[in-house]
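Engineer: Below: one structure in structure tokens.
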Amino acid sequence: MSQNPKPADAAAPRLGKLLKRSFFNRSVHEVAPDLIGATLLVDGVGGMITEVEAYHHLDPAAHSFRGPTPRNRIMFGPPGFAYVYRSYGIHWCANFVCEAEGSASAVLIRALQPTHGVAAMRRRRGLQEERALCSGPGKLCEALGITIKHSELPLDQPPFALHARLGKPEIAAGVRIGITKAVDLPWRYGLKGSRFLSKPF
DNA sequence: AACGGGATGTTCT
DNA sequence: GAACATCCCGTTT
């Protein structure tokens, strides 16, 4: 027997306190950069958020821009809930609803650095390279097991756990990816220098 | 490194 | 019928 077996997530950093729903009761433009460095876990699997995008109600690229539908109705409710939608008929993408009820803003979670449950993520993604496990919104949902079943669930209750970041990271900003409307708004935020991004800034 | 095509659910015109 | 907040894999620079 080895005297000191290596834990599955040996490099997992210490976690900050759990974020409450009220964290999201602010402008999406404050919440989005503040999420960089926070740790997102779903049933204990996840990591440190490295890339997000802000979508505001008055932004033509936002799903809420044309008003409520059965799909996006959670965006028109109170903050601190998940909005999950299917992208291109294949992938899931996860958002966190922000601002006051009715404001219909949300942050798209685009990438994270795997820290917890890496073996589970590799299994779900059928992939070894840690860099590519969660380097995009669809990949991230597959790795964390996020589906439509998670939509409209509160973010401060299981299976979600969102831990505050410990330090204050340097934030990079740039234009959002993969959209055709409002393409020049610099509402993509990321962890400066991170290698766990969908694309460099 | 950049580009093209295929997969395909939900919403919108 | 087209568009879409994507990803993967093959082909071409």
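Engineer: Among the residues of region A:40-61, which ones are modelled with pLDDT of 95 or more and open to solvent by less than 10 Å² (accessible area, probe 1.4 Å)?
Structural biologist: Result: A:Leu40, A:Val42, A:Gly46, A:Gly47, A:Ile49, A:Thr50, A:Glu51, A:Val52, A:Glu53, A:Ala54.
Engineer: Can you confirm whether region A:135-147 contains a residue that is away from DNA strand B (no atom under 16 Å from the Cβ) and farther than 13 Å from A:Gly46 by Cα?
Structural biologist: Step one: list which residues in region A:135-147 are away from DNA strand B (no atom under 16 Å from the Cβ), which gives A:140, A:143-145.
Restricting the remaining residues to those that are farther than 13 Å from A:Gly46 by Cα gives none.
The answer is no, given that none of the residues of region A:135-147 is away from DNA strand B (no atom under 16 Å from the Cβ) and farther than 13 Å from A:Gly46 by Cα.
Engineer: State the number of residues belonging to region A:143-189 that are touching a helix residue (DSSP H, G or I) at 6+ places or on another chain (Cβ under 6 Å) and surrounded by 18 or more Cβ atoms within 10 Å (Cβ to Cβ).
Structural biologist: Qualifying residue count, region A:143-189: 2.
Engineer: Taking the conditions exactly as written (part of a loop (DSSP other than H, G, I, E, B), within 16 Å of DNA strand C (Cβ to nearest atom), acidic (Asp, Glu) and at pLDDT 95 or above), does A:Glu142 satisfy them or not?
Structural biologist: Numbers: part of a loop (DSSP other than H, G, I, E, B): no; within 16 Å of DNA strand C (Cβ to nearest atom): yes; acidic (Asp, Glu): yes; at pLDDT 95 or above: yes.
It is false that A:Glu142 is part of a loop (DSSP other than H, G, I, E, B), within 16 Å of DNA strand C (Cβ to nearest atom), acidic (Asp, Glu) and at pLDDT 95 or above.
Engineer: Being surrounded by fewer than 24 Cβ atoms within 10 Å (Cβ to Cβ) and either modelled with pLDDT of 95 or more or over 21 Å from A:Pro60 (Cβ atoms) (or both) is the filter here, so list the residues in region A:88-99 that pass it.
Structural biologist: Result: A:Gly89, A:Ile90, A:His91, A:Trp92, A:Cys93.
Engineer: Inside region A:79-102, can you point out the residues that are part of a loop (DSSP other than H, G, I, E, B) and away from DNA strand B (no atom under 16 Å from the Cβ)?
Structural biologist: A:Pro79, A:Gly80, A:Glu99, A:Ala100, A:Glu101, A:Gly102
Engineer: Search region A:119-131 for residues being of a type in the set (Gly, Ala, Ser) and loosely packed, with under 15 Cβ neighbours inside 10 Å, and hand back the single one that is farthest from DNA strand B (Cβ to nearest atom).
Structural biologist: Among those residues, the one meeting the criterion is A:Ala119.
Engineer: Name the residues in region A:8-64 that are within 20 Å of A:Ile74 (Cβ to Cβ), more than 16 Å from DNA strand C (Cβ to nearest atom) and of a type in the set (S, T, N, Q), would you?
Structural biologist: A:Ser22, A:Asn25
Engineer: Cβ-Cβ below 6 Å, separation at least six or inter-chain, first residue in region A:63-76 and under 19 Å from A:Pro154 (Cα atoms), second open to solvent by 80 Å² or more (accessible area, probe 1.4 Å) and more than 11 Å from DNA strand C (Cβ to nearest atom): which pairs?
Structural biologist: Qualifying pairs under 6 Å: A:Phe76/A:Pro68.
The values are calculated or read from the model by the stated rules, or taken from the named source; none is laboratory data. Only a predicted model underlies this, so the values are computations on that prediction, with no experimental measurement involved. Backbone-built Cβ (ideal geometry, glycine too); neighbour counts: all protein chains shown. Note: areas computed on protein heavy atoms with side chains; ligands, DNA, RNA excluded. Shrake-Rupley method; radii C 1.70, N 1.55, O 1.52, S 1.80 Å.
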